[in-house]
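Single-structure report; data block below.
The values are calculated or read from the model by the stated rules, or taken from the named source; none is laboratory data. All values derive from a computational prediction rather than experimental measurement. In this analysis, Cβ positions are derived from the backbone assuming ideal geometry, glycine residues included, and neighbour counts consider all displayed protein chains. These accessible areas exclude ligands, DNA and RNA; they are computed on the full protein's heavy atoms, side chains included. Shrake-Rupley method; radii C 1.70, N 1.55, O 1.52, S 1.80 Å.
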Amino acid sequence: MPAKSRFTRLDAFTKTVEDARIRTTSGGVVTITSLLVIFWLVWGEWADYRRVIVRPELVVDKGRGEKMEISMNITFPRLPCELLTLDVMDVSGEMQMGVMHGINKVRLRPENEGSTVIETKALELHKDEALHLDPEYCGECYGAPPPPAATKSGCCNTCEEVREAYASISWSFGRGEGVEQCEREHYAEHLDEQRREGCRLEGGIRVNKVIGNFHIAPGKSFSNGNLHVHDLENYFKDEGGHTFTHTIHHLRFGPQLSDVVIQKMQKSHAATGPGGWTSHHINPLDNTDQHTDEKAYNFMYFVKVVSTAYLPLGWEKQQSMSSKYTDTLGATIDANYKGSIETHQYSVTSHKRSLQGGSDEEAGHKERIHARGGIPGVFFSYDISPMKVINREVRAKSFSGFLVGLCAVIGGTLTVAAAVDRAVYEGVNKVKKMHSS
């Protein structure tokens, strides 16, 4: 038997001769309708294939020796900048006391004058480098050891250096009466001028990615053995009505994302459906207000930080985050960056108490007794989660899945159309026979 004949016997698609085919009006209508349905369904398959969704993954965070950026903008309407100190410490033993690099202190007018901006400075407000003094001048440290970072070794040429020297041996400094350097710089007068001012701390700090805390408290800070102490004399003696009422405009762990990047993420998350995660860029402490009329009062925020990576479609082909984003404090990730984004989410619980101790009856908890003592201020304790969230952009459907869907759409629609056409044709013929008989 010829090879052609063998294949002819296997033909599953038998044909009819042209003379046996009948074309009807109803068949034309069904054909046009089926073609429109096919085009509509094919377009839906294409749109589904092109749709990008976000697939979350949870893995163990294996990063080591990393740094983490903390960005803040916090207003203290009842505390002058001269009294505020920002300290950072972590379990690795690293301490940053009196942090100034990357942080601006913004002097604000009193609350009753609208708390508008007076002045913004990145360093100590009344630091005097004493460059105008005699080069041979060596200021006295008044019994304290000269600070290692003094402008002139073995001397205290500025009021700030005398304060540093006192802090190094845990001496209270006060208003600097009788200290030549402070009287020359009018330190006490500056304190009086700022008595009713407010202050806003804005900027960012970079810390080790380990358990730690940072706090904003009054007075110069120093370490006394294993204790971290603040010189609170000026804070409690001043009659300016100082309290730690504050507003957290924003507190962010990780780099700033531009609005364009956030909108793109939200669009991808929205395409994921109800299960999509859309709040990764929302910081729960933003626009938080806390109020107190007590001087001896502190606020504590316990933050749980979770490392989060966002992997856009095609991120493997892009370079990792450049030094422009990783080394520059406060850098914003813009729409031009197409690689992976490393940032952090966090959850928070808060607690506040009077340092005088007593029950928490005002908050509705008579059974709760507060301990007595502590440092007034605002404290943020952060813990690093061992898990990491990875949000990966992927196609909702593979190309092979798209081809399968395409075949199903075309084949299924034509099959249904053929069945409809056959039913209409048989029905019309039966009606004609009934009328003819």
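Couple of notes before you dig in:
- Of everything in segment 281-319 that is under 22 Å from LYS67 (Cα atoms), among the aliphatic types (A, V, I, L, M) and part of a strand (DSSP E or B), the residue that is most open to solvent (accessible area, probe 1.4 Å) is VAL306.
- Subset of segment 223-254 [in a strand (DSSP E or B) and either basic (Lys, Arg) or open to solvent by 20 Å² or more (accessible area, probe 1.4 Å) (or both)]: SER223, ASN224, LEU227, HIS228, VAL229, THR247, HIS249, HIS250, ARG252
- In segment 38-78, of all residues being assigned to a strand (DSSP E or B) and more than 30 Å from VAL91 (Cα to Cα), the one that is most open to solvent (accessible area, probe 1.4 Å) corresponds to ARG55.
- Across segment 178-198, the qualifying residues are those that are free of Cβ contacts under 8 Å to residues at least 60 places away in the same chain and of a type in the set (D, E, K, R), and the one among them that is most open to solvent (accessible area, probe 1.4 Å) is GLU193.
- If you filter segment 152-177 down to residues that are buried (at least 24 other Cβ atoms within 10 Å of the Cβ) and among the acidic types (Asp, Glu), you find that the one that is modelled with the lowest pLDDT is GLU160.
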